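To start, the structure under review is shown below, and the notes come after it.
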Amino acid sequence: MTNYTRMYRWGLTPWERYGKAAAGSIAALLDREEAERSRPLGRALDVGCGRGQYTPELARRGWEATGVDYVPAAIEAARSKGVADVTYVVGDATDLVAAGLGTFDFFLDIGCFQGFDAGGRHAVGRGISALANPGATILMLAFGPSRLRTWAGGVSQGEVTAAFPGWTLVAVDPAQTEGLGWPMNRTSPRWYRLSRS
C-alpha cells in the first residue's frame, strides 16, 4: 500500500492533479448520478478524501458531504479551507464502521480503493456495504494493474466486483487522464459505478 502520510509530508501528491485534468468528466458523472435521484440528494461519503479536493463539490451540489482519510495532516488541510456544510473525519477506509460516520446514499472514491491489497480492498468493501443505505451507489476511479502496482496500486474489474458482493456493477467507463503527466496514464483507468439494491 502506498504510504500517503510520507507522500503528503514530501509534497508528492500526483493524484491531486486529476481534479484539474478531468474536471469536465467528473462533473458529467456527478450530473448523471444526481439526475437519477430526487431532492434532497442525501448523504455522500468521499472515501480517501485527502485534502478535500472533491468533498466541497459534493456539498455544493446538494449532498450532505463527509470526507474521510487516515492522514491527519490531509484532513487538517481540508478543514482549513473553511468550506461550510462539509464534515471531515480522520478514519481508516479499511475500518469505516469504527469511524462512527452513520449511513450514506452515495460513495465517491477517486483513487483510494486501488491502493489496497486484496485484504484491504475486501475490508473497504465490507465497510462501505455496512454504511450503505438501500439504493446507495458508488462512483469509483481506479487504474488498472500495472508493473507499478506495488507502489501506485491498481485493480481489475474482477477485483472491484469481488470486494462488493451484493452490489451490481452498473457501468464501467473510461476515465480521462490526459494532462496528468505520470505513468499511470497508460493503465486503462476506469470509472466504476456500483449500485446496491
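What the table below lists for this structure:
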read-out	value
Ala98 paired with Ala171, simple spin-label distance in nm, labels 7 Å along Cα-to-beta-carbon	3.5 nm
Using a Förster distance of 30 Å, the FRET efficiency for Ser80-Arg39 (Cβ separation, nearest 0.05)	0.50
With DNA, RNA and ligands ignored, accessible area of Ser156 (1.4 Å probe; Å², nearest 10)	40 Å²
Efficiency of FRET between Ser156 and Ala23 - r from beta-carbon atoms, R0 22 angstrom, step 0.05	0.25
Portion, in percent, of the accessible area of the range 32-158 that falls on carbon or sulfur, probe 1.4 Å	53 percent
Dipole magnitude of the range 52-133, debye to nearest 20 (Cβ charges: Lys/Arg +1, Asp/Glu -1, about Cα centre)	100 debye
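The values are calculated or read from the model by the stated rules, or taken from the named source; none is laboratory data. Computed from a prediction, not measured in an experiment: that's the story for all the values here. Neighbour counts are summed over all protein chains in view; Cβ atoms, including those assigned to glycine, are modelled from backbone coordinates with ideal geometry. Please note that ligands, DNA and RNA were not included when accessible areas were found on the heavy atoms of the full protein model with its side chains. Shrake-Rupley method; radii C 1.70, N 1.55, O 1.52, S 1.80 Å.
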